[in-house]
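These notes are about the structure you will find just below.
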Amino acid sequence: MHFSSDLPEALELRAPAKINLFLAVTGRRADGYHDLFTLMCAISLFDRLTLRFGGRGIRVFCDHPAVPEDDTNLVHRAASRFFERLGDPRGVDVHIDKQIPVAAGLGGGSSDAAAVLGGLNRVFGRPFAPGILQRMALAVGADVPFFLSAKPALATGIGECLEPVADLVPYHVLTVCPDLKVSTAEVYKNLNLGLTKCEKKLKQLHLKTERFDALYFLCNDLETVTIRKFPQINEIKKALLGLGAAGALMSGSGPTVFGLFADAAGAGKALGRLSRRREWNVHLAEMLL
Ligand code: ATP
């Protein structure tokens, strides 16, 4: 393979957060993973990544205390796969400016990894076709393929089978992340599949025939499990609805709750009110459609 030698000195990337507008757990697989049926939408809350070239090996820098800088960082895993498959001895330094709350159900680590895969592929002259990049992304994590395009999508399987969803009704999104440690593995362990209810609700879904308004289908099977341990999540939902949100739901395995607002003024007012709670990390964002 021929390698381009004229790499830029640095590349700036933005990696968006996502919310799950609905999330149904449809089964448990033999390999321990769960089958999902979820509508994912990226929002305009971004980590900022700076890639620097010129050295050898992969180094990750992030001053957020909960983000590892070693080879367990998803960015490190993504870059390693890329360079290994490319057979190129060069490397990259990645600086992550963490804006997306960590371990919050907003997909920050997966998004960082996808941004790096996409960015490296562009800089190196697109050596990998989209299908190969998708497979590399999936090997890093189930949510990573979604972030390669970050376009609204229905995800099935463990989250890797993606079907684009055009024409989502837009809302202003207020995310509220309480200072709680939620373990995704523990949430799935405590999930009773006999009690899940979202799949039934989603049976009436007609995604292709009309402009899709997710408001009527907000549902997350993991929410009841996380709320059982952390009732504060219900408190946040109530606060959002009390401040005029048209709907509110926990994202992923939590603990972030998002509220959907039809008008910007209402969302702005709610942002002001909720930001007074010091233990809540609040952001106002737009759906990226
Ligand atoms: P998941 O539900 O997969 O745990 P999440 O969206 O809730 O994802 P992330 O912010 O992606 O949460 O972080 C999950 C864990 O992954 C963190 O506890 C952190 O230790 C680890 N991690 C590895 N790489 C990163 C990264 N680039 N950014 C954030 N966390 C990372």
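Some observations on this one:
This table checks each residue for (1) surrounded by 19 or more Cβ atoms within 10 Å (Cβ to Cβ); (2) aliphatic (A, V, I, L, M); (3) free of Cβ contacts under 8 Å to residues at least 24 places away in the same chain; (4) out of contact with any His (no Cβ under 8 Å at 6 or more places or on another chain).
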| site | (1), (2), (3), (4) |
| --- | --- |
| Asp112 | yes, no, no, yes |
| Ala142 | no, yes, no, yes |
| Leu148 | yes, yes, no, yes |
| Ile158 | no, yes, no, no |
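- Residues that are more than 16 Å from the ligand (Cβ to nearest atom) and either buried (at least 18 other Cβ atoms within 10 Å of the Cβ) or of a type in the set (Lys, Arg) (or both), drawn from the stretch 114-127: Asn121, Arg122, Phe124, Arg126, Pro127
- Being within 13 Å of the ligand (Cβ to nearest atom), surrounded by fewer than 20 Cβ atoms within 10 Å (Cβ to Cβ) and not in a loop (DSSP other than H, G, I, E, B) is a description that does not apply to His76.
- Contacts under 7 angstrom Cβ, first residue in the stretch 31-60 being within 21 Å of Cys219 (Cβ to Cβ), partner part of a strand (DSSP E or B) and among the hydroxyl-bearing types (Ser, Thr, Tyr), 6 or more apart: Asp35/Thr26; Leu36/Thr26; Leu36/Thr156; Phe37/Thr26; Phe37/Thr156
- Whichever residue in the stretch 79-93 is touching a residue at least 12 places away in the same chain (Cβ under 8 Å) and assigned to a helix (DSSP H, G or I) and, among such residues, is nearest to the ligand (Cβ to nearest atom): Ala79
- Total residues in the stretch 160-194, condition acidic (Asp, Glu), closer than 25 Å to Tyr216 by Cβ and either without any contact (Cβ under 8 Å) to a residue 40 or more places away in the chain or surrounded by 16 or more Cβ atoms within 10 Å (Cβ to Cβ) (or both): 1
Quick grid of which residues meet (1) of a type outside the set (A, V, I, L, M, F, W, C); (2) modelled with pLDDT under 95; (3) closer than 26 Å to Ile158 by Cα; (4) assigned to a strand (DSSP E or B):
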| position | (1), (2), (3), (4) |
| --- | --- |
| Met1 | no, yes, no, no |
| Pro16 | yes, no, yes, yes |
| Leu23 | no, no, yes, yes |
| Asp31 | yes, yes, yes, no |
| Leu39 | no, no, yes, yes |
| Leu51 | no, no, no, yes |
| Pro65 | yes, no, no, no |
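- Output for the stretch 23-71, where each listed residue is over 30 Å from Asp213 (Cβ atoms), away from the ligand (no atom under 13 Å from the Cβ), acidic (Asp, Glu) and surrounded by 13 or more Cβ atoms within 10 Å (Cβ to Cβ): none
- Hey, Ala137 under 23 Å from Gly55 (Cα atoms), under 16 Å from the mean Cα position of the chain (by Cα), more than 9 Å from the ligand (Cβ to nearest atom) and at pLDDT 95 or above or not: no
- Long-range neighbours under 9 Å by Cβ, at least six apart or interchain, first residue assigned by TED's automatic domain parsing to the domain that holds Gln99 and of a type in the set (Ser, Thr, Tyr) within the stretch 250-266, second at pLDDT 95 or above and within 13 Å of the ligand (Cβ to nearest atom): none
The values are calculated or read from the model by the stated rules, or taken from the named source; none is laboratory data. This is a predicted model, so every value here is computed, not measured. Here the Cβ is made from the backbone with ideal geometry for all residues, glycine too, and neighbour counts use every protein chain on show.
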